[in-house]
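The values are calculated or read from the model by the stated rules, or taken from the named source; none is laboratory data. All figures in this text were calculated on a predicted structure; none of them were measured in a lab. When we count neighbours, we look across all protein chains shown, and the Cβ atoms used for this are built from the backbone with ideal geometry, even at glycine. When the accessible area is computed, the model is the full protein with side chains, heavy atoms only, and any ligands, DNA or RNA have been set aside. Shrake-Rupley method; radii C 1.70, N 1.55, O 1.52, S 1.80 Å.
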Amino acid sequence: SGIEEAKIAAVELGIEVIPGIEFSANHGELGLHILGYGIDIKNSALLAASEKMRLSRIERAKEMVKRLAAQGFKISYENVATRARGGMVMRPHIAFEILENPENEGILGGLHTKGDFIKNFLVSGKPAYVESRDLNSEQAIGIIHGAKGVAVWSHPAVHFPETFDGLENTLTELATLGLDGVEVFNSSHTESAVRFLHELARKHNVLLTAGSDFEVEPKTDVSSGGPRGVGDYQTYSFATDEIIPRLEKAMAGASGS
C-alpha cells in the first residue's frame, strides 16, 4: 500500500524502489514467509489475496486480544488496530499495545521486549495463540508469479537452527513449486548460516537476496563487532555482484520486458 508513495519519494532522493510483498504461507508443518519482488501491484489476483488475508488477520487479532484480556491484560482491539494504521493487524501490534500500557506491568512477569512477549503468549502452544489461515507455499508462489514477480524464501535459516538439517530438502521442495530464490543475508542469520545458504543457492542455481528485516533477536553480539546489518557479514562481499544484477534480470524476465 505504500509503494506508490515510495516511488514518488524515490525520484526526489535518486534511489530505486522495487515493488514487493511478503506472504505468510504454510509449507507442511512450517510457517514460511515468501517474498515477491517486482510485482505488479495492481494485479487483481494479488489484490484479492491480500484483502482476504487482511480480513482474516483482523478476525485472528480480535480473538488473540480477547484471550489476552481473559488472562488479565489491559488491551482493546481498537487500540491495536490504530497501531496498524489501516494495514495488516499483526502480532507485533498486539505485543506493543500490551508492553506500552503501564497497567500491564504487574502481570508481564519481567517480559520487556516484543519478541519475548510473542514467544511467551502468541506462538503455537501458548495461551493466546490463534492459528493463522494463511496460503500454502504453492499458492503464494503462484500469486507472485501471476503478478509478474519473483518469489524468494525469506530468512530460511530461522527454521533450521544450528545444524540446518532439512533446509536443503525444503528448498528443493519449494524450487519444484517454482521458487526463484532464497534470502541468504538477513539479520536473523549467523555468519555460518549465511555461508551455508550462499553455497546452497549456488548449488541449486537460485537467486540470492539480502534483507534487513528480522523475525527474532539478532543471532550475533553486535557489541563485540558482530553483524548489525546484512552488509556486515564477511560473506556479503563475495556476493554483492550476484544479488542486484541477477534479481533485475529475473524480474525483467518475469514481467516479459
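Annotations
- Scanning segment 26-59 for residues that are touching a Lys or Arg at 6+ places or on another chain (Cβ under 8 Å) and either within 19 Å of residue 178 (Cα to Cα) or modelled with pLDDT of 95 or more (or both) yields a count of 4.
- Tally of residues being open to solvent by less than 10 Å² (accessible area, probe 1.4 Å) and not hydroxyl-bearing (Ser, Thr, Tyr) across segment 126-156: 12
- Subset of segment 136-160 (residues that are within 15 Å of residue 32 (Cβ to Cβ) and not in a helix (DSSP H, G or I)): 136, 151, 152, 153, 154, 155, 160
- Hits in segment 176-200 - residues which are assigned to a helix (DSSP H, G or I), closer than 21 Å to residue 245 by Cβ and open to solvent by 30 Å² or more (accessible area, probe 1.4 Å): 199
- Leading residue by the ranking (surrounded by the most Cβ atoms within 10 Å (Cβ to Cβ)) among those in segment 157-175 that are within 16 Å of the chain's Cα centre (by Cα) and of a type in the set (A, V, I, L, M): 157
- Answer from 59, 78 - the residue that is more than 24 Å from the chain's Cα centre (by Cα), over 30 Å from residue 250 (Cα atoms) and loosely packed, with under 15 Cβ neighbours inside 10 Å: 78
- Test: residue in segment 36-47 that is closer than 30 Å to residue 151 by Cβ, of a type in the set (D, E, K, R) and touching a residue at least 60 places away in the same chain (Cβ under 8 Å): yes
- Test: residue in segment 105-112 that is at pLDDT 95 or above, part of a helix (DSSP H, G or I) and open to solvent by 60 Å² or more (accessible area, probe 1.4 Å): no
- Residue 42 vs. criteria basic (Lys, Arg) and surrounded by 11 or more Cβ atoms within 10 Å (Cβ to Cβ): no
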